[in-house]
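This report concerns only the one structure given below.
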Amino acid sequence: MRAQNVKPFDLGRLEDEVQDVVQQRRLHIQPIEHAPHTPTPPVPDYVHHREGVPEIGKLAAEAIVKEYEAAAKEIEAMGESVNEMMQRCEQLATSASATLRDIKTTAMRYRKEGERMFNEIESCSTATDEVRKLCETFRDKLTVKVPEGAA
């Protein structure tokens, strides 16, 4: 029953309505005479368009290669960062080598000083022992009792 109230689709009437709307809108649309044109960067030197490729294919290929080129430049920038880190590591290694030499030199000086102190202490100990023995001998000589009849 409702199907009887539905009007059949009239394509001609739809085209007329669209045309009327477009004509009405044209009055409000201001064309831009000199639109700013930003030139797109050229494609990298390592690619060239082939003959016979449709415009849409060229544009798509250019867009993709430009994205790959941008990524490659980012990768190169990362390589520069790695190079800077490598140079810092080399500087650190050079500094660490110098520090290691200083450490070895200091350890050698401590060993020599330890040996000197060892010899000095033993020498003092020997001298002290000799003094003690001389004192004991001298004391023993002084304390030796002379027999009463001997004098």
Within segment 44-100, the residues that are basic (Lys, Arg) and exposed (fewer than 10 other Cβ atoms within 10 Å of the Cβ) are ARG50
Which residue out of LYS66, LYS145, LYS112, LYS141 is among the basic types (Lys, Arg) and in contact (Cβ under 8 Å) with a residue 24 or more places away in the chain?
LYS66
Taking the stated definitions as given, is ALA77 in a helix (DSSP H, G or I) and under 19 Å from HIS48 (Cα atoms)?
no
Only one of MET85, MET108 is under 28 Å from the mean Cα position of the chain (by Cα) and either over 30 Å from PRO39 (Cα atoms) or modelled with pLDDT of 95 or more (or both). Can you tell me which?
MET85
Against the definition (under 30 Å from VAL47 (Cα atoms) and among the hydrophobic types (A, V, I, L, M, F, W, C)), how does VAL144 come out, yes or no?
no
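The values are calculated or read from the model by the stated rules, or taken from the named source; none is laboratory data. Keep in mind it's a predicted model, so treat the numbers as computed, not measured. All Cβ positions, even for glycine, are placed from backbone atoms using ideal geometry, and neighbour counts span all protein chains on display.
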